[in-house]
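Q: Quick one: the structure is below, questions incoming.
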Amino acid sequence: MKKVLTKFTRNVPQWQPRVTPVDLAEASEAQLEALQVTPSNTKVSDYVLTLAHDVESLKVRSPLFNAIMYDKGGMSRAERELSALGASMHNHCIYCAAVHAARHAQLEKTTDVTDGLFRDGAEADLAPRDRAIFDFAVALSDSPPRVERQQVEALRAAGLDAAEVLDLILSASLFNWANRLMHVLGDPVRELDGVK
């Protein structure tokens, strides 16, 4: 038996799709071509296999994801993960929050930020730069028009330059979109041991 998760953790759950993912053994040539580029160039997940039902969208989505989250320059990788985490926490996407919290902790070599966020939520005690990034990602996730000039000024005061602000906007926006797709297409689950 599986339990749908409702609590944030760095322990990445399984993602159980509601739509049957594309079976690689039965995938069309176009689907296989679109699947050659995967997020972070890792194995093909059930989520990506589910998205493969819309080949044209997937052909654009994976390279865009990789460019936003992994290209050099601009915000650091850890800060992009913090932005994705802010969006995912605001949207209550348990799966994405776990993935990006785990990556942030790995890149920063500490769990302090993610422990604080999961324990205290948006009120967690964060360094000024992390606070500005997290707050901006949450505001953008809530409603793009809610982002105010003071928040952009807080980013600049925290030391972000124009390229870093653009990376923040792109990473938070990407995960607002991805979170909504994940919510509609499936659920974060854990196997319950010993339950039939």
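The values are calculated or read from the model by the stated rules, or taken from the named source; none is laboratory data. Keep in mind that this is a model prediction, so the values were computed, not measured. Every residue, glycine as well, gets a Cβ built from its backbone with ideal geometry; the counts of neighbours run over all protein chains shown. Note: areas computed on protein heavy atoms with side chains; ligands, DNA, RNA excluded. Shrake-Rupley method; radii C 1.70, N 1.55, O 1.52, S 1.80 Å.
Q: Under the definition of Cα pairs under 8 Å and six or more residues apart, what whole-number percent is the relative contact order of the chain?
A: The normalised contact order for the chain reaches 35 percent.
Q: Now a separate question. Taking a probe of 1.4 angstrom, what is the accessible area of W177 in Å², to the nearest 10?
A: Probe radius 1.4 Å; accessible area of W177 about 120 Å².
Q: Against the empirical 2.2 N^0.38 Å scaling, what ratio does the C-alpha Rg of the range 99-179 come to?
A: 1.08
Q: Same structure, new question: Once you have a ≥ b ≥ c as the square roots of the Cα gyration tensor eigenvalues for the chain, tell me rounded if a/c is under 1.5, and otherwise prolate or oblate according to whether a/b is larger than b/c.
A: Taking the square roots of the gyration eigenvalues as a ≥ b ≥ c, the chain is oblate.
Q: Grab the Cα-Cα distance for D142 and K109, subtract it from 0.36 nm times how many residues apart they are, and report the gain in nm with one decimal.
A: Separation in residues times 0.36 nm, less the Cα-Cα distance, equals 8.9 nm.
Q: Also, I was wondering about something else. Output ³J(HN,Hα) for the range 55-62: one whole-Hz value per residue in order, computed from phi by the Karplus curve 6.51 cos²θ - 1.76 cosθ + 1.60 with θ = phi - 60°, and x for Gly and Pro.
A: 4, 4, 5, 5, 4, 8, 4, 5
Q: Moving on. Could you derive backbone 3J(HN,Hα) for the range 82-92 from the dihedral phi with the Karplus parameters 6.51, -1.76 and 1.60 (θ = phi - 60°), listing whole Hz in sequence and x where the residue is Gly or Pro?
A: Per-residue couplings from phi come out as 5, 4, 4, 5, x, 4, 5, 5, 4, 7, 6 Hz.
Q: Can I ask one more? Taking square-rooted eigenvalues a ≥ b ≥ c of the alpha carbon gyration tensor, is the range 136-196 rounded, prolate or oblate, where a/c under 1.5 means rounded and, failing that, a/b exceeding b/c means prolate?
A: Prolate.
Q: Now for a separate question. Go ahead and set up a Gaussian network model of the chain, Cα springs under 10 Å, then flag whichever of P17, P128, P145 fluctuates most.
A: Of the options given, P145 has the highest mean-square fluctuation.
Q: Compute a Gaussian network model of the chain, connecting alpha carbons closer than 10 Å, and tell me which residue from N176, N91, N11 fluctuates the most.
A: Most flexible of the set in this elastic network: N11.
Q: On to the next question. List the lysines whose Cα lies under 20 Å from the Cα of K109, skipping any in the same chain that are fewer than 8 positions away.
A: Result set, ordered by chain and number: K72.
Q: A further question follows. Could you pull out the trypsin sites (Lys or Arg not before Pro) across the range 99-130 that fall in loop regions by DSSP (anything but H, G, I, E, B) with no more than 16 other Cβ atoms inside 10 Å?
A: K109
Q: On the accessible surface of the chain, probed at 1.4 Å, how many percent belong to carbon and sulfur atoms?
A: The C+S portion of the solvent-accessible surface of the chain is 53 percent.
Q: Can I ask one more? Which of rounded, prolate, oblate describes the range 1-91, given a ≥ b ≥ c as roots of the alpha-carbon gyration tensor eigenvalues and a/c under 1.5 marking rounded, otherwise prolate only if a/b is larger than b/c?
A: Taking the square roots of the gyration eigenvalues as a ≥ b ≥ c, the range 1-91 is oblate.
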